[in-house]
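Student: Below is the structure I would like to discuss, written out as structure tokens.
The values are calculated or read from the model by the stated rules, or taken from the named source; none is laboratory data. Since the model is a prediction, treat every value here as computed from it, not as a measurement. Using ideal geometry, Cβ is built from the backbone for each residue, glycine included, and neighbour counts are taken over all protein chains shown.
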Amino acid sequence: MEEQQDTGRAHWGFLAFFVGLAGYHLSTLVFTAVTADRFAEVDITDPPVLGPLLLLLFLPNVLLGLGPAVFSWWRGNGPDRDFGLVPRAHDIKVGLLCGGASLLAAWVLGVLLLSIYRDGDSSLDQIESLSGGRSVWLALAALFVFLGAPLTEELLTRGALWNALEHYKVPKIVILGLTALIFAFLHEESWRTISLFAQGLAIGAARMITGRVSASVVAHAANNLLPAVYLYVGAS
């Protein structure tokens with residue numbers, strides 16, 4: 001049964017969403033500008049080992065969730081009351097089921113899309129190519145893919161944006177579809193957009209069923225477990 005969160009002040013959710021999104025794109029732009037000269041003459045067949053710089057690739061993703069978290073502490077009642085961030089047993093059960101559904105959708109649609117877009121390149125492959133093989137930095141990157149990215153992305157989409165739309169009485173099925181669409185485009189992998197949208201629906205279903213972001217975080221983490229393992233184990 002869905003549990004309603006304290007969304008009385010969720011009118012700030014739109015601002016939190018756009019601040020998080022702006023931080024993501026601005027930091028990506030700054031990072032690209034700062035590192036452009038460094039890698040201008042890099043041989044792509046023999047890329048450099050980035051070491052700790054590898055983790056900076058995830059800074060924009062951190063900012064996605066920082067906006068909603070800061071606004072929740074500042075204008076709201078804290079992340080747990082506003083979003084239901086601390087998982088409960090029911091959240092974990094629903095999250096794991098929805099995460100499994102997301103993985104199934106990713107596998108079925110992934111196979112189909114790969115047969116169409118044979119040159120599709122994943123961002124994980126790019127990270128792996130710059131990691132210099134298995135290292136503590138790559139392990140931390142894989143850990144962020146498994147836990148960090150689900151937390152920040154869910155705070156943005158199924159947290160701040162979901163609460164704001166819910167505050168203005170938008171039907172839940174519309175919220176589910178809209179947040180899944182934003183989730184898909186947020187990853188900026190055009191060849192996987194259909195698959196990511198389906199995964200977003202499955203992950204968002206956990207939020208809709210329980211009324212808590214913790215359930216969608218669990219679903220998202222379950223969805224990201226295999227990519228995280230692939231990122232680390234696949235490094236040569």
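Student: List the pairs whose first member sits in the stretch 92-111 and is closer than 14 Å to residue 203 by Cβ, whose second member is not in a helix (DSSP H, G or I) and not small (Gly, Ala, Ser), and whose Cβ atoms are under 8 Å apart, counting only residues at least 6 apart or on separate chains?
Tutor: 95/87
Student: Here's something else I'd like to know. Please report, ordered by residue number, the helices (runs of 4 or more DSSP H) entirely within the stretch 15-99 with at least 1 residues that are surrounded by fewer than 18 Cβ atoms within 10 Å (Cβ to Cβ), over 15 Å from the mean Cα position of the chain (by Cα) and modelled with pLDDT under 85.
Tutor: Where helices (runs of 4 or more DSSP H) fall fully within the stretch 15-99 and carry at least 1 residues being surrounded by fewer than 18 Cβ atoms within 10 Å (Cβ to Cβ), over 15 Å from the mean Cα position of the chain (by Cα) and modelled with pLDDT under 85, they are 53-56.
Student: List the pairs whose first member sits in the stretch 199-218 and is closer than 20 Å to residue 148 by Cβ and in contact (Cβ under 8 Å) with a residue 12 or more places away in the chain, whose second member is part of a helix (DSSP H, G or I) and among the acidic types (Asp, Glu), and whose Cβ atoms are under 6 Å apart, counting only residues at least 6 apart or on separate chains?
Tutor: Once the first residue is closer than 20 Å to residue 148 by Cβ and in contact (Cβ under 8 Å) with a residue 12 or more places away in the chain and sits in the stretch 199-218, its partners that are part of a helix (DSSP H, G or I) and among the acidic types (Asp, Glu) give 212/91; 213/154; 214/91; 215/91; 216/154; 217/154.
Student: Next question. Taking only pairs six or more apart or across chains, which ones have beta-carbon atoms under 8 Å, a first residue in the stretch 159-177 that is more than 9 Å from residue 14 (Cβ to Cβ), and a second residue that is among the aromatic types (Phe, Trp, Tyr)?
Tutor: From residues that are more than 9 Å from residue 14 (Cβ to Cβ), the pairs are 159/83; 163/83; 175/162.
Student: Restricting the search to the stretch 10-25, which residues are without any contact (Cβ under 8 Å) to a residue 60 or more places away in the chain and of a type in the set (Gly, Ala, Ser)?
Tutor: Hits for the stretch 10-25 are 22, 23.
Student: On the basis of being assigned to a helix (DSSP H, G or I) and either in contact with a strand residue (DSSP E or B) (Cβ under 6 Å, 6 or more places away or on another chain) or of a type outside the set (S, T, N, Q) (or both), does residue 174 make the cut?
Tutor: Yes: the conditions hold for residue 174.
Student: Then there is this: For the stretch 128-159, how many residues meet the condition of being modelled with pLDDT under 90 and either over 17 Å from the mean Cα position of the chain (by Cα) or surrounded by 21 or more Cβ atoms within 10 Å (Cβ to Cβ) (or both)?
Tutor: Total meeting the criteria: 14.
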